[in-house]
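*Asks:* Dumping the structure here so I can ask a few things about it.
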Amino acid sequence: MAYHLKNLSHFPLDVPSLNGPMILPAYGEITADLSAYEAEVMRHSQMVEISDADEAEPDIDDLRKQYADLVGEQPDKRWGAPRLQSEIDKALAA
């Protein structure tokens with residue numbers, strides 16, 4: 001199964017994927033096919049954030065455009081996807 005991995009450490013990590021070894025760059029992100037065992041090992045690591053590849057965050061540029069179209073002003077550049085989605089939901093509810 002495909003997983004999205006995010007390295008939370010300042011050094012690269014070796015990832016044993018089903019397609020062969022991969023390198024997860026320092027503070028980088030990759031999508032890799034992992035066995036159930038390797039996925040469980042990654043879930044217990046404090047250095048790696050793991051999620052299903054299908055659950056990836058929506059594109060931040062699309063959310064910014066949607067917010068600007070809905071509200072009529074540009075969103076704060078510091079807002080991430082969760083905050084943008086929250087603000088869009090508030091605007092739709094109003």
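The values are calculated or read from the model by the stated rules, or taken from the named source; none is laboratory data. Just so we're clear, the structure is a prediction, and the values are computed from it rather than from any experiment. We place every Cβ from the backbone using ideal geometry, glycine too, and count neighbours over all the protein chains shown.
*Asks:* Which pairs have Cβ atoms under 7 Å, sit 6 or more apart or on different chains, and link a residue in the stretch 53-65 that is farther than 11 Å from Leu84 by Cβ to one that is β-branched (Val, Ile, Thr) and modelled with pLDDT of 85 or more?
*Replies:* Ala53/Thr31
*Asks:* Quickly run through the stretch 2-30 and pick out the residues that are in contact (Cβ under 8 Å) with a residue 24 or more places away in the chain, surrounded by fewer than 15 Cβ atoms within 10 Å (Cβ to Cβ) and polar (S, T, N, Q).
*Replies:* Across the stretch 2-30, the qualifying residue is only Ser9.
*Asks:* Then there is this: Does Val48 satisfy being modelled with pLDDT of 90 or more, in contact with a Ser or Thr (Cβ under 9 Å, 6 or more places away or on another chain) and surrounded by 14 or more Cβ atoms within 10 Å (Cβ to Cβ)?
*Replies:* Details: modelled with pLDDT of 90 or more: yes; in contact with a Ser or Thr (Cβ under 9 Å, 6 or more places away or on another chain): yes; surrounded by 14 or more Cβ atoms within 10 Å (Cβ to Cβ): yes.
It is true that Val48 is modelled with pLDDT of 90 or more, in contact with a Ser or Thr (Cβ under 9 Å, 6 or more places away or on another chain) and surrounded by 14 or more Cβ atoms within 10 Å (Cβ to Cβ).
*Asks:* Say we look at the stretch 53-94 and pick out the residues that are among the small types (Gly, Ala, Ser) and part of a helix (DSSP H, G or I); which of these is surrounded by the fewest Cβ atoms within 10 Å (Cβ to Cβ)? Give the steps one after another, and end with the answer.
*Replies:* Going residue by residue through the stretch 53-94, those that are among the small types (Gly, Ala, Ser) are 53, 56, 68, 72, 80-81, 86, 91, 93-94.
Applying the additional criterion that residues be part of a helix (DSSP H, G or I) yields 53, 68, 81, 86, 91, 93.
Details: Ala53: 13, Ala68: 12, Ala81: 15, Ser86: 11, Ala91: 13, Ala93: 6.
Only one residue fits best here, namely Ala93.
*Asks:* Residue by residue through the stretch 79-93, note down the ones that are under 14 Å from Lys65 (Cβ atoms) and not aromatic (Phe, Trp, Tyr).
*Replies:* Kept after step one, since they are under 14 Å from Lys65 (Cβ atoms), are these residues of the stretch 79-93: 79, 81, 84-85, 87-88, 91.
Listed by number, the residues that qualify are Ala81, Leu84, Gln85, Glu87, Ile88, Ala91.
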